[in-house]
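One structure below.
The values are calculated or read from the model by the stated rules, or taken from the named source; none is laboratory data. Model, not experiment: these values are computed from the prediction. For neighbour counting, all protein chains shown are included, and Cβ atoms are generated from backbone atoms with ideal geometry for every residue, glycine included. Ligands, DNA and RNA are stripped out before the accessible areas are found, and what is left, the full protein with its side chains, is counted by its heavy atoms. Shrake-Rupley method; radii C 1.70, N 1.55, O 1.52, S 1.80 Å.
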Amino acid sequence: MPLKALSRQEVDARLAELPGWSVEGDRLTRAYDLGSHLAAAALVGDIARVQDELDHHSDLTLGYRTVTLAVNTHSAGDAVTEADIALARRVEALASGHGAT
Ligand SMILES: C[C@H](O)[C@H](O)[C@H]1CNC2=NC(N)=NC(=O)C2=N1
């Protein structure tokens, strides 16, 4: 079933349960601080595996001690959809397990 763009109200309702996530432009974004470069790199690897599992991929940036994601759904015209929300929920669980703040 094709993914449809969520309204701003629908996105905001879901973000209420995703602290730290926000909409910047047309993308869902989140930045995590891992405290060290290697810890940040380890989280990137786990996120990449989940993204391949879901077949849904963010722009993922590894910084000095940070991991930043920005994502929307290309097949829905670069809009935020349930697939982006599902990815955000999985990433939150991963990040928590890595001790990210
Ligand atoms: C062929 C493959 O299933 C598609 O290109 C997937 C890959 N990952 C994706 N990631 C994102 N963010 N949006 C998509 O529409 C998308 N489509």
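Miscellaneous remarks
- Contact order for segment 23-97, expressed relative to its length and based on alpha carbon pairs under 8 Å spaced 6+ residues apart, stands at 37 percent.
- Placing unit charges on the Cβ atoms only, positive for Lys and Arg and negative for Asp and Glu, gives the chain a dipole magnitude near 160 debye about its Cα centre.
- Heavy atoms of the protein chains alone define the surface here; on that basis the chain has 55 Å² accessible area per residue at 1.4 Å probe size.
- Each residue of the chain gets 86 Å³ once the volume of the Cα convex hull is shared out per residue.
- As a fraction of the 1.4 Å probe accessible area of segment 23-97, surface on carbon and sulfur atoms comes out at 51 percent.
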